[in-house]
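Every number in this text was worked out from the coordinates using simple rules, so none of it is lab data. Keep in mind it's a predicted model, so treat the numbers as computed, not measured. Positions of Cβ are generated from backbone atoms using ideal geometry, with glycine treated the same way; all protein chains shown enter the neighbour counts.
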Amino acid sequence: MSVKIAIEELAGCSGCTIAVLDLHEVLLDVVDKAEIVYSPVIMDVKEPPEGIDIAFVTGAVRNAENQERLEKIRRRAKTLVALGTCACYGGISGLSMLHPNDEIFSYVYREAETVKPDGVIPTDVPPFLYRAFAVGDLTKIDYYITGCPPKEIYLKQIIPALVSGDKLELSRKSVCADCDRKMGPVDNWRLKRRYEGVPDREHCLLGQGYLCLGSVTFGRCAAACPKNNVPCHGCNGPSLDILREPCRDIYSMMVRRIADLTGKPEKEVEKELYDIAHTMYPFTIGSLIMEDKEVSKIRDLVKERSR
Amino acid sequence: MEIHVDKDACVGCGLCVKDCPMHVYELQNNVSVAVRPNNCMGCLSCHEICPAQALEHRGIYAAKRHYIDIHVCEMLKKVI
């Protein structure tokens, strides 16, 4: 009997579902053993059927409809997998918490260039919840696959293993572990914005002054961005040591590492950092688990901006 | 103390050399080597600072020092 797979969409961009299609020819091996019975992005089915074996849920929970859909797919699936960083940590959708609801509605229905000229804000759309949630904050999740989107090289190993019920050992280190740049102490360090200059290919981007989150980010990308001269944005979510330790947080560990690399006092480093919400927490701000750490800045950021 | 350095993961930044209060590490050919493992007092400050999570102390786990949220434990086990 073939394994029944479903892919549910919540508050996200559907990129994670497209990442599943990016399995390319491996997809043929997967559909040999499994059948995709529900996925609003790739097929015309309106509701998830009963008796799903593996359901992937992509996107964060931001409104009442997302929550209802999450609960329904949980009831109908034996195994529920959070696919992608929005599902695991709230992702980009979580950034919506930095604005009050009326501001978001006003922008979406009145100010964006593509809106209808009547400027009417509809009243029949699902209401927002009071905050964004990662799916694991609201229901029991069996596995988490992070990445924005999860990268093909890993999904090619993970999805066939999930379907056949095999065990899989993948690296559990940070992005730096896969990066080939040289890291070392630096003098006269100064924070640079991404548009300033062109980073040299040999040395650590953080040491060169670019805010590269590689050392605090889970390595599920083979360091694709740093290898192409782009500082890490942290799209795979926090590295597992940061997730595990109550006293470690993305922001505090970044400050500490910059201070150690440059010999600058932490307070001085903190003065140079800007827009913490978008530079440090763009992918994790919607996660209760990350917010609940005592050292996390997320609570203050949300409180300050969502008024 | 048995200290294992993952040579492939190590980026040679030397932060563990600088951070270790007991001078356990030295950089050799741009890779950290635990030259005085017997000095180690198991504080794991090197784990905290290592950007590549290249260090492993057999039998010592950083998390045992702190109370950890049960939701975090549940999630940790399930990340693939």
- Item | Neighbour cut-off at most 15 other Cβ (10 Å), DSSP loop, GluC sites (Glu not before Pro), region A:95-204 | A:113, A:169, A:196, A:202
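Select from region A:1-71 those trypsin sites (Lys or Arg not before Pro) which occupy a DSSP coil region and have at most 15 other Cβ atoms within 10 Å, ordered by residue number. Could the numbers behind the result be given before it?
Numbers: sites: A:4, A:33, A:46, A:62, A:69; in loops: A:46.
Loop-located and lightly packed - A:46.
Given a cut-off of under 8 Å on Cα pairs at least six residues apart, what relative contact order in percent is computed for chain A? Intermediate values should be presented prior to the final figure.
On the way: 596 pairs, mean separation 58.9, N = 307.
This gives 19 percent for chain A.
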- Give me the orientation-averaged projected area of the Cα convex hull of the protein assembly as shown, in nm², one decimal. 21.2 nm²
- Task: Any chance you could count the Lys pairs in region A:175-274 whose alpha carbons are under 22 Å apart, treating pairs 8 or more apart or on different chains as valid?
- Result: 7
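Loop only per DSSP, at most 11 neighbouring Cβ atoms within 10 Å: give me the chymotrypsin sites (Phe, Trp or Tyr not before Pro) in region A:134-197, ordered by residue number.
The qualifying sites are A:195.
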- Query: Expressed in nm to one decimal, what extension gain is obtained for the pair residue B:23 and residue B:71 from 0.36 nm per residue of sequence separation less their Cα-Cα distance?
  - Reply: 13.7 nm
- Note on the structure: Among region A:126-162, those whose backbone N falls under 17 Å of a label point 7 Å along Cα→Cβ from residue B:8 are A:153-155, A:157-158
- Message: 5 Å is the cut-off here: which amide hydrogens, built 1.01 Å from N in the peptide plane, fall below it relative to residue A:210, excluding neighbours closer than 5 in sequence?
- Response: A:192
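Multiplying the sequence separation of residue A:180 and residue A:113 by 0.36 nm and subtracting their Cα-Cα distance, what value in nm do you get? Write down the numbers at each step before the final one.
Working: separation 67, 0.36 × 67 = 24.12 nm, distance 4.25 nm.
Once the chain is fully extended between residue A:180 and residue A:113, it gains 19.9 nm.
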- Task: Please give the average number of partner chain Cβ atoms lying within 10 Å of the Cβ of each residue in A:176-182, rounded to a whole number.
- Result: 5
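Using a 10 Å cut-off around each Cβ of peptide A:243-254, what is the average number of partner chain Cβ atoms that fall inside?
3
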- Spatially proximal aspartates and glutamates relative to residue A:173 (Cα-Cα < 12 Å; intrachain offsets below 8 disregarded): A:241, B:6, B:8, B:56
- Given the options A:290, A:43, A:280, state which has the largest fluctuation in a GNM of chain A using a 10 Å cut-off (strictly under) for Cα springs. A:43
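Where Rh is the Kirkwood radius over the Cα pairs of region A:92-153, the temperature 10 °C and the viscosity 1.306 mPa s, what D in µm²/s does Stokes-Einstein return?
Details: Rh = 14.6 Å.
This corresponds to a translational diffusion coefficient of 109 µm²/s.
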